[in-house]
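Here is the structure we will look at, set down as structure tokens.
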């Protein structure tokens with residue numbers, strides 16, 4: 001029986017062949033497919049991985065939770081053989097600093113490719129005018145770097161999904177756990193305390209929040 005790494009790489013290759021893209025880009029596609037509620041054509045659109053991407057391999061604007069998601073990736077077929085490079089985190093941190101005003105965004109804008117420029121221009125407007133947050137993700141088939149915290153931005157931590165997390169997520173998704181909703185922020189109208197034994201609460205949620213999930217999505 002093939003181990004998870006073999007099965008995982010077969011899935012990456014299937015995506016690569018189907019969409020005529022390189023395996024490293026198929027890895028990004030695979031991750032977004034299984035974490036965001038996006039159609040295949042939308043996934044292709046949000047992937048920005050190419051020359052002059054400044055460490056932004058995908059940009060997802062999630063209007064449900066008012067968040068700009070920046071994904072940086074590093075793919076190797078030698079899964080878990082070596083730790084990821086700290087430079088990948090440095091790239092993400094730099095993008096965050098440009099988007100949040102630590103550095104002049106127009107310095108970055110002058111360098112990046114046109115498609116990414118269009119997406120980040122929109123992101124900047126949403127951050128400044130509508131208070132959107134920025135969330136950083138680093139996905140990699142490398143194993144974790146024990147010293148990564150030294151290079152992590154203390155103001156805005158990077159969510160790191162390395163080889164062990166990839167294995168766990170792959171096994172979950174393979175067995176039917178597919179979090180297509182992504183991050184869902186539930187707006188509740190009121191919270192009423194119920195019986196003490198067992199402890200229970202009655203939560204009155206907004207219809208907009210309920211429309212984004214099934215009943216089992218709201219278990220606590």
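Structure above, values below:
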item: Sites residue 78 and residue 41, calculated FRET efficiency, Cβ-Cβ separation with R0 30 Å, nearest 0.05; result: 0.45
item: The stretch 28-164 - percent relative contact order, Cα under 8 Å, separation 6 or more; result: 29
item: Debye equation applied to the C-alpha atoms of the stretch 4-174, log10 I(q)/I(0) at 0.10, 0.16, 0.18 Å⁻¹; result: -0.37, -0.96, -1.21
item: Rounded to 5, percent antiparallel among DSSP beta bridges of the stretch 4-174; result: 30
item: FRET efficiency for residue 100 and residue 144, using Cβ-Cβ distance with R0 set to 41 Å, rounded to 0.05; result: 0.95
item: Point-to-point label distance, residue 129-residue 9, nm (Cα→Cβ direction, 7 Å offset); result: 4.8
item: Neighbour-count order for 139, 160, fewest beta carbons within 10 angstrom listed first; result: 160, 139
item: Order of 95, 46 - criterion: other Cβ atoms within 10 Å of each residue's Cβ, fewest first; result: 46, 95
item: FRET efficiency for residue 61 and residue 23, using Cβ-Cβ distance with R0 set to 22 Å, rounded to 0.05; result: 0.25
item: Prolate/oblate/rounded call for the stretch 21-113, Cα gyration tensor, a/c under 1.5 rounded; result: oblate
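Each reported figure results from applying straightforward, stated rules to the coordinates on display, with no laboratory input. Computed from a predicted model, the values in this text were never measured in an experiment. Don't worry about glycine lacking a Cβ; one is built from the backbone with ideal geometry, like all the others, and counts go over all protein chains shown.
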